[in-house]
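Comments concern the structure below.
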Amino acid sequence: MKNTIIIFLVSFCSIQFSIAAPIKDSISSFTFQKLQFEAALDFDCDACGCSASGGSMGFSSMLNSNFVGVRYFHQSYSSKDGIFNNSPWVDENFNTTQVWAKIPVTDKIQVTALIPYHFHNRELSTGSENINGLGDITVMATYSVFKTQKDSAVFVHDVQLGGGVKLPTGQFKEANNAGTVNQSFQLGTGSWDYLLLTEYVIKRKSLGLNTMLNYTIKTENDKKYQFGNQLNYGSTLFYLLDFNSLQFVPQVGIAGEVYETNKQYGENVLNTAGDILFSKFGFELGKDRFSLGVNAMLPINQHLLNGKIEANYRWSVNLNYSL
């Protein structure tokens, strides 16, 4: 099944580039030549449960370059309720409602912001556990280091570099880590974290491919706990279908996350590293200044916390207003 998914993604990409047909240069209030899809910026709470800025589901709108909006996303995990081999498996659900925005400063610089509110729950052997509250706010900026100037070019390129900071506005409780495998059942990391990212978008008429790479540097919080640094990577193929007053953009791709070992009092915490590879698919529907997006992710391969946590699926829905 895993090989089938990968083969499908590769084949789909090859076929679409070979059959891409010309479309109109402008599409009502949305401009495809300005389309900037920044994928997989995983800013908020930590890995393996509360990667709550989007969990590699994508950050920007595929139709409106600059916008304000709201997004809801859900992540489902299964983890062991305890540290022993015979500990029972429990369900964990991580839910986030997020206000997000992407605002231009100059022709080449854009500022983005994420303000999340979490409401997480899990079913332990001792009963249900719920936490909710403000998460970690993230602010970042990107700079376009190269962008094709002529719209008539066969291929349009856009290369961006950026960085940002995640503020410790979400609450971190040591009690949430006691006796549990998933150390990420938190509203925030409790630390100042820093982000570096790069993105490359190539488009040919109505077809585009986005490839991104970003790295989060995490620091120790005031409880002497430090989540491991995190690497995200991914590639997304998208295609614009323009129906004059209505635009439809399907997408398909893959995304990966690599988590380094957590530390407490400077010592490594066992079974806190891991990696996962997702398939992702979805669409965005645009009309006038509004756009509606729906996305889903399914794991292809994963190795989280030495097999003690399993990601089941992720999905999100968002509504944006173009600035």
Placing each pseudo-label 7 Å from Cα in the direction of the beta carbon, T126 and T97 end up separated by a distance in nanometres of 3.0 nm
Mind checking the full-extension length gain between V68 and L319? Use 0.36 nm per residue of separation minus the Cα-Cα distance, one decimal, nm. 89.5 nm
Mind checking region 113-210 for trypsin sites (Lys or Arg not before Pro) that DSSP puts in a loop (not H, G, I, E or B) and that have at most 11 other Cβ atoms within 10 Å? K150
Could you calculate the FRET efficiency of L196 with V105 from 1/(1 + (r/R0)^6), where r is the beta carbon distance between them and R0 is 25 Å, rounded to 0.05? 0.85
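How far, in nm, would the chain grow between Q264 and V159 when pulled straight, counting 0.36 nm per residue and subtracting the alpha carbon separation?
Net length gain for the segment: 34.0 nm.
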Take the cross-link list K108/K205; K173/K280; K280/K308; K102/K263 and give me the ones stretching past 28 Å between alpha-carbons. K173/K280; K102/K263
Sparsely packed chymotrypsin sites (Phe, Trp or Tyr not before Pro) within region 222-323, loop by DSSP, other Cβ within 10 Å at most 14: Y265
The simple spin-label model distance between T169 and N306, using points 7 Å out along Cα→Cβ, in nm, is 3.7 nm
Give me the net charge for the shell around D222: Cβ to Cβ below 13 angstrom, other residues only, Lys and Arg +1, Asp and Glu -1. +1
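Rule-based calculations on the coordinates, nothing more; no lab input. What you see is a predicted model; the values in this text were computed from it and never measured. Note: ideal-geometry Cβ built from the backbone for every residue, glycine included; neighbour counts use all protein chains shown.
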